[in-house]
Amino acid sequence: MNEKNTRYIKNVSLFVGCSLIGIILFLIPVKMNGNSDLLIAVIANGITSVIGPVLPYVLSAIFAAGTILAVIHWFRPIKALNTNPLLKESYELTSFKLVIRILGTVFFIMCTFQIGPEFIISGATGGTLYSLMLTLAAWHIVSFYLFSFLMDFGAMDFVGTLIKNVMRPVFTLPGNSAIDCMASWVGNGPFGVIVTKMQYQEGYYTKRESAVVASCFSIVSISFCTIVARTLGIIDKFGPYYLSITITTILCALILPRIWPLNQIADTYNPEAPKRYDTREKGHLFWQAVKCGADKAGEADFGHIIKRCNQTALDFLITVFPTMMAYGTLLLMVSVYTPVIQEISMPVKWILALLEIPEATAAAPALLTGFIDMYLPAVAGSSITSQMTRFIIGSVSIGQLIYMTETGSIILKNREIFELPLWKLIVIFLMRTVISLCVAVLMAKIIF
């Protein structure tokens, strides 16, 4: 056997072995203690249970250290932060980003030590974000490293090649975007946004494609949909409820990439990475896919992978988490303590009333709180008497997808990649709300 064949067999073995590990970790639910969950979640939960008592103080210390260093760097630039590739991205700050990071850090520390005004640390505002971060911290950090089994050893290239003839004409995306969607669908949406960012940095997506995937394909997991259904008391209608969400997701992915504002984003690749286009090759599509996967596995550079994962994890801890804490807490304060949501939801109330949806007055503000957090509509709508209205609220809240406590904050933090400032996120949220509402109302009229 010549050297070329030996190398090819070695690469195929590496591709198959690592891809199987990634699939087992991220895509196949396992039974643990009578419950079904992903193996990656089991690992993360195990780590959280071990470090749980000290986790709030560890995160407070990391946030504080990162923010203090950012303030010092803002007033007196530190050369090491500008030249160190691991730290540079996390410390390229505008004055607005710096203020947001300071606020997020202060809010988190206040919640950790239960000091400060109740309107900041209560369970309805800062406490909600605080609990969310303690739950997600280990999940995200572990996932950043272990997702490399799917991303860096050919799985994405294999899947992308297999379905490229579908994804490009239907969704205007390269084939490997499908695995982003799968990771979100069975994992969580925010992680899907992070993976999309990493894919852009590695040369798989253009800026437009990154924005489309982040705003159309980073869907929340099935398990979260179940939680929302139980909260709203519509678990007996889970089939139609989930069908409504699926139809909404497909329609949004078909429509939104082709219209403003997403279709106006530049189709430019990361200039610092090799471009990985969808290419046409001779031969059976399956063997083309195997070759692409094997070639990618053969290119794997463990040093580069670890460096990228370290940078992503560090940036998430010292930048993304404080940003999420700040945006989420501020928006929850507006929602809980001011009439703003009630006022701006008036047009939604009129639309619901026109569609003859029961309890439209209570449902309208519940729908708009989805921009703050995806779970808020379920909480706000759980007291509504009409099951039909609760069904609509649950379906729309998942279909809206853009919410500031997680996915929205991550997209804003990386706006130089996604090119989606806050006002564009609001536009996309409203577009998704309209599409979701049309599908949910039609489904509700059929089953109720």
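The values are calculated or read from the model by the stated rules, or taken from the named source; none is laboratory data. All values reported here derive from a predicted model rather than from experimental measurement. We place every Cβ from the backbone using ideal geometry, glycine too, and count neighbours over all the protein chains shown. Heads up: the accessible areas ignore ligands, DNA and RNA and are worked out on the full protein's heavy atoms, side chains in. Shrake-Rupley method; radii C 1.70, N 1.55, O 1.52, S 1.80 Å.
Within the stretch 46-60, being open to solvent by less than 60 Å² (accessible area, probe 1.4 Å) and of a type in the set (Gly, Ala, Ser) holds for Gly46, Gly52, Ser60.
A quick yes/no check of all residues on (1) over 24 Å from Gly126 (Cβ atoms); (2) among the aliphatic types (A, V, I, L, M); (3) modelled with pLDDT under 90:
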| position | (1), (2), (3) |
| --- | --- |
| Val334 | no, yes, yes |
| Pro377 | no, no, yes |
| Glu406 | no, no, yes |
| Leu412 | no, yes, yes |
| Leu442 | yes, yes, no |
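Which of the residues that make up the stretch 231-252 are of a type in the set (Gly, Ala, Ser) and crowded, with 22+ Cβ neighbours inside 10 Å? Ser244 - this is the single residue of the stretch 231-252 that is of a type in the set (Gly, Ala, Ser) and crowded, with 22+ Cβ neighbours inside 10 Å. Here Leu437 meets the list (1) modelled with pLDDT under 90; (2) part of a helix (DSSP H, G or I) almost entirely, failing just condition (1).
Just wondering, is there one or more residues in the stretch 368-375 that are open to solvent by less than 20 Å² (accessible area, probe 1.4 Å), more than 13 Å from Ser436 (Cβ to Cβ) and assigned to a helix (DSSP H, G or I)? Yes: the stretch 368-375 contains one or more residues that are open to solvent by less than 20 Å² (accessible area, probe 1.4 Å), more than 13 Å from Ser436 (Cβ to Cβ) and assigned to a helix (DSSP H, G or I).
Only one of the listed residues (Ala353, Ala364, Ala380) is open to solvent by less than 10 Å² (accessible area, probe 1.4 Å) and hydrophobic (A, V, I, L, M, F, W, C). That residue is Ala364. Of all the residues in the stretch 383-426, those that are of a type in the set (A, V, I, L, M) and more than 18 Å from the chain's Cα centre (by Cα) number 4. If you go through the stretch 252-270 and keep only what is hydrophobic (A, V, I, L, M, F, W, C), part of a helix (DSSP H, G or I) and more than 20 Å from Ser397 (Cα to Cα), you end up with just Leu262. It is to be established whether one or more residues within the stretch 384-391 are closer than 18 Å to Ser244 by Cβ, in contact with a Leu (Cβ under 7 Å, 6 or more places away or on another chain) and modelled with pLDDT of 90 or more. Yes: one or more hits. Within the stretch 200-219, the residues that satisfy the criterion of being of a type outside the set (Ser, Thr, Tyr) and open to solvent by 10 Å² or more (accessible area, probe 1.4 Å) are Gln201, Glu202, Lys207, Arg208, Phe217.
The number of residues in the stretch 422-442 that are closer than 21 Å to Arg258 by Cβ and open to solvent by 10 Å² or more (accessible area, probe 1.4 Å) comes to 12.
Of (1) open to solvent by 30 Å² or more (accessible area, probe 1.4 Å); (2) touching a residue at least 40 places away in the same chain (Cβ under 8 Å); (3) in contact with a Gly (Cβ under 9 Å, 6 or more places away or on another chain), Asp157 satisfies all except one. Which? With respect to (1) open to solvent by 30 Å² or more (accessible area, probe 1.4 Å); (2) touching a residue at least 40 places away in the same chain (Cβ under 8 Å); (3) in contact with a Gly (Cβ under 9 Å, 6 or more places away or on another chain), Asp157 is out only on (1).
Going through the stretch 17-54 one residue at a time, which ones are under 29 Å from Gly154 (Cα atoms), of a type outside the set (A, V, I, L, M) and out of contact with any strand residue (DSSP E or B) (no Cβ under 9 Å at 6 or more places or on another chain)? Across the stretch 17-54, the qualifying residues are Gly17, Cys18, Ser19, Gly22, Gly46. No other residue among Pro358, Pro347 is outside any helix (DSSP H, G or I), over 24 Å from Leu129 (Cβ atoms) and either without any contact (Cβ under 8 Å) to a residue 40 or more places away in the chain or open to solvent by 20 Å² or more (accessible area, probe 1.4 Å) (or both) apart from Pro358.
Are any of the residues in the stretch 288-301 of a type outside the set (Lys, Arg), open to solvent by 70 Å² or more (accessible area, probe 1.4 Å) and farther than 30 Å from Val396 by Cα? Within the stretch 288-301 (the criterion being of a type outside the set (Lys, Arg), open to solvent by 70 Å² or more (accessible area, probe 1.4 Å) and farther than 30 Å from Val396 by Cα), the answer is yes, since at least one residue qualifies.
Phe107 falls short of the stated requirement of being of a type outside the set (Gly, Ala, Ser), surrounded by fewer than 16 Cβ atoms within 10 Å (Cβ to Cβ) and at pLDDT 95 or above. Could you tell me whether Ser397 is buried (at least 24 other Cβ atoms within 10 Å of the Cβ), out of contact with any Cys (no Cβ under 8 Å at 6 or more places or on another chain) and farther than 18 Å from Pro261 by Cα? Yes.
Which members of the stretch 1-45 meet the condition of being among the aromatic types (Phe, Trp, Tyr) and surrounded by 18 or more Cβ atoms within 10 Å (Cβ to Cβ)? Across the stretch 1-45, the qualifying residues are Phe15, Phe26. Tell me, yes or no, whether the stretch 342-358 has at least one residue that is among the aliphatic types (A, V, I, L, M) and in contact with an Asp or Glu (Cβ under 9 Å, 6 or more places away or on another chain). Yes, the stretch 342-358 has at least one match. Tyr337 passes every criterion in (1) aromatic (Phe, Trp, Tyr); (2) touching a residue at least 60 places away in the same chain (Cβ under 8 Å); (3) under 22 Å from Met443 (Cβ atoms) apart from (3).
With respect to the stated conditions, Ile121 fails to be open to solvent by less than 20 Å² (accessible area, probe 1.4 Å), among the β-branched types (Val, Ile, Thr) and under 14 Å from Ile318 (Cα atoms).
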